[in-house]
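In what follows, a structure is listed as structure tokens, so that the remarks can point back to it.
Here, each number is a calculation from the coordinates, and none is a lab measurement. Not measured: the values here are computed from a predicted model. In this analysis, Cβ positions are derived from the backbone assuming ideal geometry, glycine residues included, and neighbour counts consider all displayed protein chains.
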Amino acid sequence: MSNNFIYCTMGANAKYCPEIKCRWNSYNTYRFVMWAWMMNEISVASAPVNMSHIAFYIHSVLYIFSAIFVGIPLVYSEICVSQYTNGNVISVWNFCPIFRGVGYGTVYLVILKLILLMVLSTWYLEYTFYSALDPPPWFTCDDYNNTKCMVKRVNVSIFQHCLEAQNLFGTDCGMKTASGYFFEKEIGNNNTKNKNCTHLWRAILASAISSAMLFIVLVKKEKFFKINVRVVASYLCIVLFLLFCVALSTSGTWYATKIGINWFDIHYNSCFYTSTQGILACGVGCGIIGYLSRDVPFRSPATMTAVTAPLFSTFITLMLALIIFSGIKTVSYYHGEEEKVLELGDSIYFNLFASVSEILGYFDGMAIWSFAWFSAVFICLLVNMSIVCLFLLEHLSSTWQAVKKYKYFSCFCLMFSIFVFTFPFYCSDLTVVLSDVTEIIQLTSAFFFSVATYWIYGFRKHNVDIMFMIGVKASYFWKITWLTNPIWMLVVIYMRCTKLLVKQHENSHFFELLSMNVNELMVYAFLGIYILIVLLGVLIQVKRFYCHDSLKNLFRPVRNWGPQDKILFRSRNIFVPEIMTREFLYRQVRIHGYSRKTEANENRRNYSNVMQDIMLPENTEWSALTSN
């Protein structure tokens, strides 16, 4: 076995690894990039707000449980398979050729996810800009010529009378907050029902700025991207620390006994959705983890990142949720611990923007905290988009040489295309379509990977590959989660398909002929395209193997599946996993008559005898049984 290749670690000279060059110059850089990918729209935006606005404690437990027992094992296996084969999103499926179409479906998923990230980052950039104004639009009613506009932090008495009227008469008193009005003006009121999706010049301008920033990141050298990842990590940690200190300094965090939601009103749907977010926050099912890990060499500590990065991402999510949860307690305490102190909107994005902006306004009445929150989320989404764009550019360059030859022009075409395709999705109800579709496809892709890896290929073979690659035997925890993972994923996919978010969005145009909303129809259309791509891939593989009279090999790895290095590939075929276990080494020592003695001379003599017995003659042929 080639020692030069085996001991090629991150940062080693490329001449010692002639076939596979290490992209990341250090293990810390690789770990930062993996962590940056897991700072996605779920972990930094959706999950913290969702947990804080419902029952925080039980939902945080569900989030951690799903991340540890479902998400992390999938991340671990995806890193191991990519590190083992050094394949791309298509060739990595050669261990189960019938699912090669899932790889093409993953590329389709990544394109949809990039559009979703562009829309969300545009909205967060708008809120970041308005947070820098003095005062922000949600701090005052001056911009809204409506007598029923209020700022709850200022008009405490008006809000209390409104609540009393609602409790006595059971009807809405008609009062809305300035944050609610601003949300309806910028995001919530842009929907197909009101047919005002054309007046979006602010969103288009913010999208153009985001696209320009992303283009600059892509055309620069990769070293510039690595620096950006570290800067984003540092900025997020600083924002997290400051907001956490401010949240703890507010009186409501310590003295409020009630909050604006019922702790025992834990709906089944919300609990299930939180569990789904714990899986999706790990970034599985998109092929990005494999793309980032494909050029990591053997015997490197990259698999440790599969545990540390998701756990750190989960910690960030819980801390962000705790900050907003503390803000909700402050709102409740500020208004005499009244029930239903949080304003409810008819869009699933109301809590992400309108509610959060209002809650952060209670932190000493300073807009700087709103700016810190929205800017941190925007920067994380921007880094996520840059990783997705790098993935798409590499995939396109491997397909068309012109993309690789004209790099700058290809980057410009990609960003301009995404910039144009996002125009229709600035309608809030159509953005919900992207949220539903990307989450369902991402879960389905992860399900196919888990079934193919753990059940068809076999978790035992997968364990042997890991032992050959890193010299570590998987524990019972990994084996149990691998075996049960497809079952959990199938249940999650079924429940997620039956609980679509578009059905909760009230503002959408209704087709009477089809008896469904326009956003629900688009969900079925996008999912149908994904299913068509996967089925076409299955049919192509069936025809290909049928022509070669080898249909039985549809579920077996192809001959060239495995390490790309020829020496490692041959070594894997004669590898015996028992040589990597401690029990086998101890057994060999006992066979040769080793026994412990108290006298030093006796120990020394026995040791020399054992070494002479174990050492092979010079003319002995090499094999896996006699090597380490």
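Worth a mention:
- Cut-off 19 Å (backbone N to label point 7 Å along Cα→Cβ of residue 551), residues of segment 446-477: none
- Between residue 404 and residue 456, the simple spin-label model (points 7 angstrom out along Cα→Cβ) gives 2.9 nm.
- Computed extension length for residue 173-residue 254: 26.1 nm, one decimal, from 0.36 nm per residue of separation with the Cα-Cα distance subtracted.
- Pairwise label distance in nanometres, residue 234 with residue 576, each label 7 Å out on the Cα-Cβ vector: 5.3 nm
- Under a 5 Å amide H cut-off, with hydrogens placed 1.01 Å from N, residue 516 pairs with 511 among residues at least 5 apart or on other chains.
- Phi angles across segment 462-477 convert, under the Karplus curve 6.51 cos²θ - 1.76 cosθ + 1.60 with θ = phi - 60°, into 3J(HN,Hα) values of 4, 5, 5, 4, 5, 4, 5, 7, 10, x, 10, 8, 5, 7, 5, 4 Hz, Gly and Pro given as x.
- The Cα atoms of segment 440-498 cover 43, 18, 17 Å along the three principal axes, with the biggest extent listed first.
- Burial ranking of peptide ranges 435-442, 557-564, 518-525 (average Cβ count within 10 Å, highest at the top): 435-442, 518-525, 557-564
- With R₀ fixed at 25 Å, the C-beta to C-beta distance from residue 145 to residue 205 puts the FRET efficiency at about 0.50.
- Computed label-point distance, nm, for sites residue 165 and residue 412 using a 7 Å Cα→Cβ extension: 5.8 nm
- Here the Karplus curve 6.51 cos²θ - 1.76 cosθ + 1.60, taken at θ = phi - 60°, turns the phi angles of segment 224-230 into couplings of 5, 5, 5, 5, 4, 4, 5 Hz, with x standing for Gly and Pro.
- HN-Hα J in Hz across segment 121-133 - Karplus 6.51, -1.76, 1.60, θ = phi - 60°, x for Gly and Pro: 5, 5, 5, 5, 5, 4, 5, 5, 5, 5, 5, 7, 6
- Formal net charge of residues neighbouring residue 459 (Cβ-Cβ distance under 12 Å; K, R +1; D, E -1): +2
- Potential extension, residue 542-residue 223 segment - 0.36 nm per residue separation minus Cα distance: 110.5 nm
- Gain upon complete extension [residue 498, residue 58; 0.36 nm per residue less C-alpha separation]: 156.1 nm
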